[in-house]
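> Structure below; questions to follow.
The values are calculated or read from the model by the stated rules, or taken from the named source; none is laboratory data. Small disclaimer: the values here were computed from a predicted structure and weren't measured. A quick note on method: Cβ atoms are made from the backbone with ideal geometry, for glycine too, and the neighbour counts reach across all protein chains shown. Just the protein is used for accessible areas: all its heavy atoms, side chains included, with ligands, DNA and RNA removed. Shrake-Rupley method; radii C 1.70, N 1.55, O 1.52, S 1.80 Å.
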Amino acid sequence: MKRIKHMNEGSFLRLFFAFITLCFLIAAVCMPDRKDMFTGLWKILSQPSKISANYFAMGGYAATFLNMGLVGLACFALFGVFKGTPNNVSTLAVLLTVGFGSWGINILNIWPTVLGVVVYGLVKKEKMGGLVNAMLFSTGIAPLITELMLRYLTPETVGFSAQGVLLSLFVGLIIGFFLPAGLAYSPKVHKGFDLYSAALPIGMTAFFLNAILYKTMGRALPQALSDLDPASMQVASASTVNIFCGAVFGLCIVFAFVLGCRPKDYWKLLSDPETVTNFSSTYGNATFLMNAGVFGLFILGYYNLIGANFNGITFGIIFCMVATCNSGSHPGNVWPIMLGYFVASVVFGWLSPLVGGSFAFKINAQAIMVGLCYANGLSPIADKYGWRYGFIAAIMHYLLVTSVPTLHGGYCLYNGGFTAALICMILVPELERFFKTKEERKLAKVGK
């Protein structure tokens, strides 16, 4: 344990990724439907995964956990094969990718775009280790890869074909090849206020390809499984999700204490007036691990409080939201986002009938729960300007997030992160022009 305590950041994060992956693999063999694990996994691999696809319904619980574990192994292997050094951004990349393993990503549809990033590295002669994060972020468009593989060329039937596989590989290589440039440019657009920075280039790519492959070609967008069979969204298990997440995040807290994290260490992270975007290097590995556990339980508690339907999607977004636990998010700057979403749902639920509307976006509606996950990426606004502005950003995100899938056709898994980037483009210029940051207000107060 002493050796773990003094590990460097990269080695510790490797161990953290291995722990998360192992948890999913162990859970897979503990599920009651484990005898159907591999047949269920095949169903997940061989069916369209357009958002929102509930893998609990598609392949079963054991198959979903197995898929998430295999995706985690793939992430871990990429760092090993290419000798990459994990950092805070890697935490975001790995947990996002694994989180989507229950509703959009599978162990098959990640590879075409990953190979595209590899080709980019070879052409530009860049070290592959530094591109592993980009490889993982490229999987945010995985549902489109599955679509091209299974039914784009044969819309009447769903199944693998040589032409479909080649088409998906070709498109995936192009996406992956050009993505690193977009990833480098994205922070200049949102100025660091969207923690899901990769969502902007992925979202714009999905928007562009949706326009080419469907709108321009005169092709109708195929329906998602949830549209064809709404009952599939009801395949859920609150006990499975709560027990698994409670155990994983609880162990994170226990291990953090064992590694020497004290309450005052974590309080420093929560109360630091500076905007910090790398917790493991700034506060230490143990404090980062404490945040992963506390933040995870905080999110789990919120979803229980609002009465979430714990299907594969809700399960996955818990990890997609925890993904920012090393990049800037913690309960202290996320609660204004949650409050903004709650208030928006109440206000517009009241206004909708007054204008003859049919309100469908209650706080525990599937789309709104997913939206909140990525509104979490706006926490730097609350950090820098104060909770009131995080609250306003959350309301704006709530209003926009359900309209954005029309742009990309449901093929961008980073839909809410893409929405957060759009909110930054609208809100941040106004904040910079008309309002003072917390630090500026503090200095002005001292000056008086």
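> Where the Cα atoms of the range 253-378 are projected onto their three principal axes, how long is each span, largest first, in whole Å?
In descending order, the Cα extents are 57, 31, 19 Å.
> Here's another thing I want to ask about it. Show me, bin by bin at 5 Å from 0, the whole-percent P(r) of the range 190-247 based on Cα pairs.
Here the calculated profile for the range 190-247 is 4, 14, 10, 10, 13, 17, 17, 10, 4, 1.
> Classify the range 57-189: rounded, prolate or oblate, from the alpha-carbon gyration tensor (a ≥ b ≥ c, eigenvalue square roots; a/c under 1.5 rounded; otherwise prolate if a/b is larger than b/c)?
Taking the square roots of the gyration eigenvalues as a ≥ b ≥ c, the range 57-189 is oblate.
> Let me ask you something else. Which log10 I(q)/I(0) values does the range 318-431 give at q = 0.11, 0.13, 0.22 Å⁻¹ under the Debye formula, counting every alpha carbon as one identical point scatterer?
With no solvent term, the Cα-only Debye profile gives -0.33, -0.46, -1.25.
> Treating the beta-carbon of each Lys and Arg as +1 and of each Asp and Glu as -1, no other charges, what is the dipole magnitude of the chain about its Cα centre, to the nearest 20 debye?
1020 debye
> Hey, what do the phi angles of the range 22-39 turn into as Karplus ³J(HN,Hα) couplings, whole Hz, using 6.51/-1.76/1.60 and θ = phi - 60°, x for Gly and Pro?
Result, ordered by residue: 4, 4, 5, 5, 5, 4, 4, 7, 9, 6, x, 9, 5, 5, 9, 4, 7, 5 Hz.
> Checking the table 264/384; 83/188; 188/264; 188/268 against a 31 Å threshold on Cα-Cα, which pairs fail?
Violating the 31 Å Cα-Cα cut-off are 188/264.
> Mind ranking 62-69, 272-279, 211-218 by how tightly packed they are, going by the mean number of other C-beta atoms within 10 angstrom, highest first?
62-69, 272-279, 211-218
> Just check the chain against the gyration tensor rule for me: Cα atoms, a ≥ b ≥ c as the square roots of the eigenvalues, rounded for a/c under 1.5, and otherwise prolate or oblate depending on whether a/b exceeds b/c.
rounded
> So for each of 95-107, 196-208, 362-374 I average, over its residues, the number of other beta carbons within 10 Å; can you give me the resulting order with the highest mean first?
95-107, 196-208, 362-374
> Okay, next question. Among the aspartates and glutamates, select those whose C-alpha is under 17 Å from the C-alpha of residue 43, and discard any that sit fewer than 8 residues away in the same chain.
33, 147, 229
> Add +1 for every Lys or Arg and -1 for every Asp or Glu among the other residues with Cβ under 15 Å from the Cβ of residue 130, and state the total.
Its environment carries a net charge of +3.
> Residue 445: which aspartates and glutamates have alpha carbons under 18 Å from its alpha carbon, excluding same-chain residues fewer than 8 sequence positions away?
Straight-line reach from residue 445, under 18 Å: 274.
> Also, I was wondering about something else. Going highest first, how would you order 351-359, 154-162 by mean Cβ packing within 10 Å?
154-162, 351-359
> Put +1 on the Cβ of each Lys and Arg and -1 on the Cβ of each Asp and Glu in the chain; which of 86, 348, 407 then has its Cα farthest toward the positive end of the dipole?
86
> Can you pull the three principal axis extents for the Cα set of the range 22-130, in Å, largest first?
That gives 47, 26, 20 Å along the principal axes, largest extent first.
> Excluding ligands, DNA and RNA, what is the solvent-accessible area per residue of the chain at a probe of 1.4 Å, expressed in Å²?
Accessible area per residue: 42 Å².
> Given a 1.4 Å probe and every protein chain left where it sits, what share in percent of the accessible area of the chain is carbon and sulfur?
Heavy-atom surface of the chain belonging to carbon and sulfur, 1.4 Å probe: 67 percent.
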